[in-house]
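The values are calculated or read from the model by the stated rules, or taken from the named source; none is laboratory data. This structure is a prediction, so every number in the text was calculated from the model and none was measured. Cβ sites come from the backbone with ideal geometry, for glycine too, and all protein chains shown count toward neighbours.
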Amino acid sequence: SLATPKWRRVLLKVSGEALSGDGQQNIDPKITMSIATEIAAITKLGIQVAVVVGGGNFFRGSTWAGASGLDRATADYIGMMATVMNAIFLQASMESIGIQTRVQTAFKIAEIAEPYIRRRAIRHLEKGRVVIFGAGTGNPFFTTDTAAALRAAEINAEVMLKATNVDGVFDSDPKKNPNAALLEHVSYREVTSKGLSVMDATAITLCQENYIPVVVFNLQKHGNISKALMGQRIGTLIDQ
Ligand code: UDP
């Protein structure tokens, strides 16, 4: 049941891959609508929601760097633009069911979105608007997980909720090892020392240094976003 919310302000990270659903197309509107409806229910309870979207469903810089003369920085800029496409799509889905949203991008795309302005983002959240952050950190060589950790710290989010295609963090790769076990709780240090592939070291370190717990959970099961947003036990909790 959606009783008492645990959080007041959350940062939801949605990976690009999760948006592609069964992978038939880059974006599955069923997924974006399901995200929108879950967020709608949550914002009505007064929880402030900021979203960072990935772009891996369209383009991932590291995959393309080197191809046809693309250097890493150039490839990463294309990757960041991919995140903006997801941000605009997600915004449209949310607004179609009446959720007020703003997209803020880390570099200017003035005709389409607001530039990232921290204090304005916080103001939007206080007014109950969902803020979607696009273009990652605005810098090549970073990831949207790092962008999520950075924005979470900047807006004083109490938690980072990382929505993925898997149930959480496993002790080994569940795609390779059928006996891989889901971990309910791991420390930041274990993630780094055991090399658990959940997010990059920069992102984990930022969360650790700013005392931001991370919940990793499966986006593909309807209701999970609500559970994570409500602070119910789900997926894997990463903290001290
Ligand atoms: N990217 C970047 N700087 C950032 C965030 C993202 O250069 O701060 C680029 C990078 O090329 C990355 C791509 O954008 O591969 C898409 O982001 P990411 O791979 O993090 O998306 P996700 O895995 O969440 O779908």
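Couple of notes before you dig in:
- Residues being out of contact with any helix residue (DSSP H, G or I) (no Cβ under 7 Å at 6 or more places or on another chain), crowded, with 17+ Cβ neighbours inside 10 Å and not in a loop (DSSP other than H, G, I, E, B) - total across segment 19-36: 1
- Restricted to segment 172-193, and to residues there that are among the polar types (S, T, N, Q) and surrounded by 11 or more Cβ atoms within 10 Å (Cβ to Cβ), the residue that is nearest to ILE238 (Cα to Cα) is SER187.
- Of the residues making up segment 221-231, those that are on the phi < 0 side of the Ramachandran plot and surrounded by 17 or more Cβ atoms within 10 Å (Cβ to Cβ) number 7.
- Comparison of ALA92, ALA87 shows that the only residue that is more than 15 Å from the ligand (Cβ to nearest atom), closer than 30 Å to ALA41 by Cα, at pLDDT 95 or above and part of a helix (DSSP H, G or I) is ALA92.
- Considering (1) out of contact with any strand residue (DSSP E or B) (no Cβ under 6 Å at 6 or more places or on another chain); (2) under 24 Å from ARG233 (Cβ atoms); (3) in a loop (DSSP other than H, G, I, E, B), the lone condition that TRP7 does not fulfil carries the number (1).
- Candidate set: segment 122-164, residues that are under 15 Å from the mean Cα position of the chain (by Cα) and of a type in the set (S, T, N, Q); chosen: the one farthest from the ligand (Cβ to nearest atom): THR164
- Test result for ARG119, at pLDDT 95 or above, among the charged types (D, E, K, R) and under 16 Å from the mean Cα position of the chain (by Cα): no
- Among the residues of segment 157-171, just one is of a type in the set (Asp, Glu) and either buried (at least 19 other Cβ atoms within 10 Å of the Cβ) or modelled with pLDDT of 95 or more (or both), namely GLU158.
- Tabulated pairs, segment 213-240, first part of a helix (DSSP H, G or I), second surrounded by fewer than 19 Cβ atoms within 10 Å (Cβ to Cβ) and modelled with pLDDT of 90 or more, C-beta under 6 angstrom, 6+ apart or interchain: ASN224/ASN218
- Any chance ILE132 is among the aliphatic types (A, V, I, L, M), modelled with pLDDT of 95 or more and surrounded by fewer than 21 Cβ atoms within 10 Å (Cβ to Cβ): no
- If you go through segment 53-71 and pick out every residue that is in a helix (DSSP H, G or I), surrounded by 15 or more Cβ atoms within 10 Å (Cβ to Cβ) and more than 7 Å from the ligand (Cβ to nearest atom), you end up with 1.
- In segment 142-188, the residue that is nearest to VAL10 (Cα to Cα) out of those that are in a loop (DSSP other than H, G, I, E, B) and among the small types (Gly, Ala, Ser) is ALA157.
- Count of residues meeting criterion [of a type outside the set (A, V, I, L, M) and within 23 Å of HIS124 (Cβ to Cβ)] in segment 64-113: 16
- Some residue of segment 149-156 being within 21 Å of GLY21 (Cβ to Cβ) and touching a strand residue (DSSP E or B) at 6+ places or on another chain (Cβ under 8 Å): no
- Applying the set (1) outside any strand (DSSP E or B); (2) buried (at least 20 other Cβ atoms within 10 Å of the Cβ); (3) β-branched (Val, Ile, Thr) to VAL103 leaves exactly one unmet item: (1).
- Taking every residue in segment 15-43 that is more than 24 Å from ALA147 (Cβ to Cβ) and pairing it with any residue that is within 16 Å of the ligand (Cβ to nearest atom) and hydroxyl-bearing (Ser, Thr, Tyr), at least 6 positions away or on another chain, yields no pair with a Cβ-Cβ distance below 7 Å.
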